[in-house]
Every structure is written in C-alpha cells, then in structure tokens.
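Throughout, read-outs are computed from the coordinates displayed, never taken from laboratory work. Worth saying up front: this structure is predicted, and the values here are computed from it rather than measured. Here the Cβ positions follow ideal geometry from the backbone for every residue, glycine too, while neighbour counts run over all protein chains shown.
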Amino acid sequence: MNLLLDTHAYLWFIAGNDRLSDVARSAIEEAGNQKFISVASLWEVTIKHRLGKLQLKTDLQKVLTDHVVANGFELLPLEVDCFLELNKLPMHHRDPFDRLLIAQAVAKKLTVCSVDAIFSKYDVDLLW
C-alpha cells in the first residue's frame, strides 16, 4: 500500500500519540508499505509552529528531517500534476493544506491516512 500521511497522522505517529488509530499505526509500521509525507505537511507544521498554533515535543529540525528519515518516510514534492488535480477538486474543504494533500493523493494514486472525515467527500482512498 502507498500511504500519504495527513499532517496530524504524521505528528501523532512520531509522538507515539494514542489518538492515532491502531489500523493507521499498523499500516505505517508495515515494512511492505511505502509511506509519504507531503512537503505541504512540512510547510504546514512550520507555519503553525511559528504562529504558536502548534506546540512540538521536540525541536522543529527533528520534525522536518530526523523523524522523516528515521521512520523511512519519503518526501512527496508538489508537482504540476498535483496542481492540475487541485484545480479540479470540488470545494468541500477550505483548508489549503488538506486540499493539497487530497490533490496529491489523487494525482499519485495514494491512500490517505487521516482522521479528517471531510476527506471522504473526495474520490480518494482513506485509511484510519
């Protein structure tokens, strides 16, 4: 399975947070699955941390690089095909970061690991 972790799923996973479902944790830990973190998620973490809207239990450097590498996540860049998908998405969701993740999942045919129920309004596979 090719998984794209929503920002909260990534943060909950690296923090060992119990809010991450057992199904999601198992899929992330499964060695045979390919796991992606969008650069949009790292952008979101950076912005929210800087604005004081996101408290991290470790320093930002570790969240943006060390945990990505240590857990075998691949960074998913924003490419033109993602922006073309973004342009086609209905406006079910106003959050620009989540819309980028949805567009990336559609363009790259990835399963999204997210608790966000509004994602189900889009034509994307969800895992939680």
Handout entry: Alpha-carbon centroid distance for the pair segment 1-56 / segment 110-127, whole angstrom
Key = 14
Problem - Where trypsin sites (Lys or Arg not before Pro) fall in DSSP loop in segment 8-60, at most 11 other Cβ within 10 Å - result: Arg19, Lys53, Lys57
Problem - Tally of Lys pairs whose C-alpha atoms are under 28 Å apart, taken over the chain, 8 or more apart or cross-chain - result: 22
Problem - Within a Gaussian network of the chain (alpha carbon springs, distance under 10 Å), most fluctuating of Ala40, Ala105, Ala31 - result: Ala31
Practice task
Give the order of Thr58, Thr46, Thr111 when sorted by the count of other beta carbons within 10 angstrom, beginning with the fewest.
Solution key: Thr58, Thr46, Thr111
Problem - Relative contact order %, the chain, counting alpha carbon pairs below 8 Å whose residues are six or more apart - result: 32
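Express in nm, to one decimal, how much length is gained between Asp123 and Ile47 on full extension, taking 0.36 nm for each residue of separation and deducting their alpha carbon distance.
Details: separation 76, 0.36 × 76 = 27.36 nm, distance 2.79 nm.
Here the answer is 24.6 nm.
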Handout entry: Most mobile listed residue (Leu89, Leu11, Leu56) in the chain, GNM with C-alpha springs under 10 Å
Key = Leu56
Completion exercise
Largest fluctuation, Leu110, Leu54, Leu42 only, Gaussian network model of the chain with Cα springs under 10 angstrom, belongs to Leu54
Practice task
Starting from the Cα of Ala15, step 7 Å along the direction of its Cβ; do the same at Val39; then give the gap between the two resulting points in nm.
Solution key: 2.6
Handout entry: Charge dipole (segment 1-70, unit charges on Cβ, about Cα centre) - positive-most of Trp12, Leu54, Ala27
Key = Leu54
